[in-house]
1. State the number of residues belonging to the range 139-153 that are open to solvent by 70 Å² or more (accessible area, probe 1.4 Å), outside any loop (DSSP other than H, G, I, E, B) and within 16 Å of residue 86 (Cβ to Cβ).
2. Could you please find all residues in the range 106-130 being of a type in the set (D, E, K, R) and within 12 Å of the chain's Cα centre (by Cα)?
3. What pairs come out if I take residues in the range 82-99 that are of a type in the set (Gly, Ala, Ser) and pair them with residues that are modelled with pLDDT of 95 or more whose C-beta lies under 9 Å away, six or more apart or interchain?
4. Quick one: which of 175, 119 is open to solvent by 60 Å² or more (accessible area, probe 1.4 Å), on the phi > 0 side of the Ramachandran plot and in contact (Cβ under 8 Å) with a residue 60 or more places away in the chain?
5. Would you mention how many residues in the range 149-194 are in contact with an Asp or Glu (Cβ under 8 Å, 6 or more places away or on another chain) and closer than 19 Å to residue 89 by Cβ?
6. For the range 216-227, which positions are modelled with pLDDT under 95 and part of a helix (DSSP H, G or I)?
7. Which residue is modelled with the lowest pLDDT, if the candidates are limited to the range 192-205 and must be crowded, with 17+ Cβ neighbours inside 10 Å and in a helix (DSSP H, G or I)?
Amino acid sequence: MDPLNQIFAWFGDHWWIVFPLMGVGGAIAGRLQALSRQHHKQKLETLRLKGEIKAAQLAARGQIAPQPSPREAAVQHANASKELLERLFAEHDGITARWLDYELDVAKMIAFPAMSDGRQPLTAAFLRAKKIADALRPTGSDAKVTEQQVSEYLDAVGDYAVAFEIAEKDARRLRDSTFTDDERKRLERAQHMLKVAVDQSATPAERQTAYRRVREELDGLIDLSDAAVENLEKRVALQLEPGRAPEPVATEPVADPIPLLDPRAKADPLRQAAPSRNPEH
């Protein structure tokens, strides 16, 4: 028996070893996530530690730093807390902006549908982390918050950042693999028609027809938020002349057609078309 067959034969006799290996893999993944959070926390606390490091350096040289008065200490603490909060706000907003790139760009939603699907476990975990970070966020850097509140918000932002990275990597790995062959073809057609819908060289009628086709192909596959629809409609209507009615569309009517977009329509940017697919919004 050749070595490869011997290996397969050994695994056939020891199939039960798969289960402890799966447990080890899960433990490793959990450990990596914990390490990522710890690294993030250490990075954000660098600002707070700078003062302590400076004081230790002065003490080592025999230069005792003068002790600040209680008032000065309070001011220093408030300034350090304010600067830390401003850094946390910037990172919090940066993660949210990266997420909105997926929520508002229909092309990205088609390419990476898992990022907008709250039924995906890692996406659901990210949305929970977002909800917690949003709830713990102080009203401003000058807000009166305790050290415990700042610490909790720091941890929440760290979890939010890690959860987004993990969900994004998984969505880019999955792409459209969770859909059937027919559904993938519909996504491909929607992607193709989307390019026509935003093509500035196309006629208004072509753009309007392509827009309707995009909505039809995505119906039941991907739930577009009101903000995503409004964003797409603005791009489609970009080249339409003000006051000019769209040219008649020389196509056969479709069942349950989607009305022509109205560039004047306003939508609630936070309202989802179908919350069941993205329950945390």
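The values are calculated or read from the model by the stated rules, or taken from the named source; none is laboratory data. Keep in mind that what you see is a predicted model, and the values were worked out from it rather than measured. All Cβ positions, glycine included, derive from the backbone under ideal geometry; neighbour counts span all protein chains shown. Side chains included, ligands, DNA and RNA excluded: accessible areas come from the protein's heavy atoms. Shrake-Rupley method; radii C 1.70, N 1.55, O 1.52, S 1.80 Å.
1. Initially, the range 139-153 is screened for residues open to solvent by 70 Å² or more (accessible area, probe 1.4 Å), giving 139, 142, 144, 146-149, 152.
From the residues that got through so far, the ones that are outside any loop (DSSP other than H, G, I, E, B) too are 147-149, 152.
Subsequent filtering for residues that are within 16 Å of residue 86 (Cβ to Cβ) retains 149.
Of the residues in the range 139-153, 1 are open to solvent by 70 Å² or more (accessible area, probe 1.4 Å), outside any loop (DSSP other than H, G, I, E, B) and within 16 Å of residue 86 (Cβ to Cβ).
2. In the first step, residues of the range 106-130 are kept if they are of a type in the set (D, E, K, R); the result is 108, 117, 119, 128, 130.
108, 117, 128, 130, listed by residue number.
3. So the pair list comes out as 94/161.
4. Selected residue: 175, the only one of 175, 119 that is open to solvent by 60 Å² or more (accessible area, probe 1.4 Å), on the phi > 0 side of the Ramachandran plot and in contact (Cβ under 8 Å) with a residue 60 or more places away in the chain.
5. Adding up the residues that qualify gives 3.
6. 226, 227
7. Out of the qualifying residues, it is 204.
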